[in-house]
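Student: Sharing a structure below in structure tokens format, with a few things to ask.
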Amino acid sequence: MKHTTEEELFAYREGEMKGRETIAAHLQECGECRAELERIEEVFRALNAMPVPDPGEEYGTKVWRQIANRLPERRVNWWTGFFFPRPLMAMGAVAALLIVAFLAGRYTGPKKPVDEILDASKVRERVLVVAVGEHLGKSEMILMELSNAQPAAAGKKLINISAAQRRAEDLVEENRLYRQTALNGGDNAMANTLDELQRVLLDVANSPAEVTPAQFQSIQKRIAAQGILLKVRVVRQELRAGAAGSKPAPAQKDSTPKARNKA
Amino acid sequence: MAEATGISDAAAVERTLAGEREAYRVLVERHSAYVYRVAYRMTGNSHDAEEVVQEAFLRGYQKLQQFAGNANFGTWVYRIAANYAIDRLRQKKNEDARREVPSRAAEGESEIDPLSQLKDSAPSPERLAGSAQLAKKMKDALDTLTPAERTAIVMRHWDGCGIEEIAVVLKSNSSAAKNTVFRAVQKLRSALKPFAEGRGAAKAVGTES
């Protein structure tokens, strides 16, 4: 047999299974290739020789001191963190931020009878209603698509749900923010619905990209069992009605969420 | 926060998300040293490493909702640090390239002989093995790698990351990531040749650059 290449030896060292036995057999009888493998090994030994300075036992505390005052508060105005001028926020999170700002205005704004604050909170409220509504609309769409699909009839062995999965993943993030905001604002009914929605979205997001018809049906069952589609629709309608109703209303009126029990 | 120090990572994440900022401190204190070691190997110096650590935990805090408890927090923040370190390395490389004369600016990707930087002293390999000098040579050799190669070899060798995980950080596929690790080993090997396997060859190669 001809000698092994450097790349083959490297792959062998990495535990690559392809051609493993042939290379092992060759190494048994070829001293030259054994020496070559040893020289590759030498590189890794040399890597281990590179020391890393010990940052010290108190290092963690030091890091905390360095970053603590740069962390946005989460409980009080926790959403302000999203205004950080960092371009790494996902689009969903940016949309969510609008909603968060809106909800914050919705729950806290009217307590101060200052005209500008009221005006600002009204604007934010409208933005938030649109955003939450959109979020719920998107969620509803995914759930409907999944509920109505009939993959078994199409005779497929595996159903690819990766598209729905990706969308669900995006929504999970948004949903978490809205839920948290609703909780902070004391809107438990909204928080509960979003909580249930969260579980279903996570279910979808964490499924394998390709599922068997049986697995698919079990996802459908879980969606149906929670009655989540109906709840999402009801909340969405309420939001829409609330937004339409609040437009001409006087600024003092706090749009406290209520009458959501029917869901 | 005395009562918080003993809590699990998952509980600390939950409490941070619930608005308890001090709970994040537990995570920072617990994982900083590990993230520092990774960052040091990637950047090659303490100053940059410390910056990577801070940034990784800041980003971790901002993105904590995405973490969702579905992974190990240490692994997760490790990946954030690796992502940031590779961006930083690339940025630095670009800045260096702009500052250097055009003939050396192409160093990033082309196979400039790393020996040109190593031929200052050439004691016998026997004396070098395991010595501080070898460590220094290795440090220099690592500096000749591209950001992707350096990240790949650090993740693979020291942290035992799978090829898939490396591919995610490099934003490439697994066969490309595998190649990157191999290329890094090749480059390190040729940089260390005069010391690790050298003998007479060291001088012959060393003079031609």
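Computed from the coordinates by the stated procedures, all read-outs in this text should not be read as laboratory data. Fair warning: this is a prediction, and the values are worked out from it, not measured in the lab. Neighbour counts are summed over all protein chains in view; Cβ atoms, including those assigned to glycine, are modelled from backbone coordinates with ideal geometry.
Student: Expressed in nm to one decimal, what extension gain is obtained for the pair A:GLU6 and A:ALA214 from 0.36 nm per residue of sequence separation less their Cα-Cα distance?
Tutor: Length difference between fully extended and current span is 70.1 nm.
Student: Quickly work out the A:MET141-to-B:SER174 label distance, labels modelled 7 Å from Cα along the C-beta direction, and quote it in nm with one decimal.
Tutor: That separation, rounded to one decimal, is 3.3 nm.
Student: Can you order the peptides A:3-11, A:163-171 by their average number of other Cβ atoms within 10 Å per residue, highest first?
Tutor: On the way: A:3-11: 16.7, A:163-171: 18.3.
Per-residue Cβ counts within 10 Å, averaged per peptide and sorted highest first, yield A:163-171, A:3-11.
Student: Still on this structure, I have one more. What list of ³J(HN,Hα) values in whole Hz, one per residue of the stretch A:36-49 in order, does the Karplus curve 6.51 cos²θ - 1.76 cosθ + 1.60 (θ = phi - 60°) give from phi, with Gly and Pro shown as x?
Tutor: Residue by residue, the stretch A:36-49 yields 5, 4, 4, 5, 5, 4, 4, 4, 5, 5, 5, 4, 5, 6 Hz.
Student: Can you work out ³J(HN,Hα) from phi for every residue in the stretch A:65-73, in order, using Karplus 6.51 cos²θ - 1.76 cosθ + 1.60 and θ = phi - 60°, giving whole Hz and x for Gly and Pro?
Tutor: With coefficients 6.51, -1.76 and 1.60, one gets 4, 5, 9, 3, 7, 9, 8, x, 5 Hz.
Student: Would you calculate the separation in nanometres between label points at A:MET17 and A:ARG45, each defined as 7 Å from the Cα along the Cα-to-beta-carbon direction?
Tutor: Computed distance between label sites A:MET17 and A:ARG45 equals 3.1 nm.
Student: When you look at the Cβ of every residue in B:32-38, what mean number of other chain Cβ atoms sits within 10 Å?
Tutor: Partner-chain Cβ atoms within 10 Å, mean over residues of B:32-38: 5.
Student: How far is it, in nm, from the label point at B:SER46 to the one at B:ALA11 when both lie 7 Å from their Cα along the line to the Cβ?
Tutor: So the label points at B:SER46 and B:ALA11 sit 3.5 nm apart.
Student: Arrange the peptides B:78-88, A:42-52 so that the one whose residues have, on average, the most other Cβ atoms within 10 Å appears first.
Tutor: Working: B:78-88: 21.6, A:42-52: 17.0.
Ranking the peptides B:78-88, A:42-52 by packing returns B:78-88, A:42-52.
Student: Hey, with R₀ at 41 Å, roughly what FRET efficiency would A:ASN188 and A:GLN66 work out to, going by the Cβ-Cβ distance, to 0.05?
Tutor: Numbers: r = 38 Å, r/R0 = 0.93.
Calculated value: 0.60.
Student: Between the stretch A:227-243 and the stretch B:145-170, how far is it from one alpha carbon centroid to the other, in angstrom?
Tutor: Centre-to-centre (Cα) distance: 47 Å.
Student: In what sequence, highest mean first, do A:217-228, A:172-183, A:196-207 appear when ranked by Cβ atoms within 10 angstrom?
Tutor: A:172-183, A:196-207, A:217-228
Student: Mind checking the mean number of beta-carbon atoms from other chains within 10 Å of the Cβ atoms in B:184-193? Don't skip to the end; give the middle numbers.
Tutor: Numbers: counts 2, 9, 5, 1, 5, 8, 1, 2, 5, 3.
Taking the mean over all residues of the peptide, I get 4.
Student: 5 Å is the cut-off here: which amide hydrogens, built 1.01 Å from N in the peptide plane, fall below it relative to B:GLY44, excluding neighbours closer than 5 in sequence?
Tutor: none
Student: Across peptide A:31-44, how many C-beta atoms of other chains are within 10 Å of each residue C-beta, on average? It would help to have the intermediate numbers written out before the result.
Tutor: Numbers: counts 0, 0, 0, 0, 1, 1, 0, 1, 5, 4, 1, 8, 16, 5.
Counting other chains' Cβ atoms within 10 Å and averaging over A:31-44 gives 3.
Student: Which entries in the list B:LYS93/B:LYS171; A:LYS18/A:LYS157; A:LYS62/B:LYS63 go over 25 Å, if you measure between the two C-alpha atoms of each? Can you show the working numbers first?
Tutor: Working: B:LYS93/B:LYS171 18 Å; A:LYS18/A:LYS157 30 Å; A:LYS62/B:LYS63 22 Å.
Long pairs (Cα-Cα over 25 Å): A:LYS18/A:LYS157.
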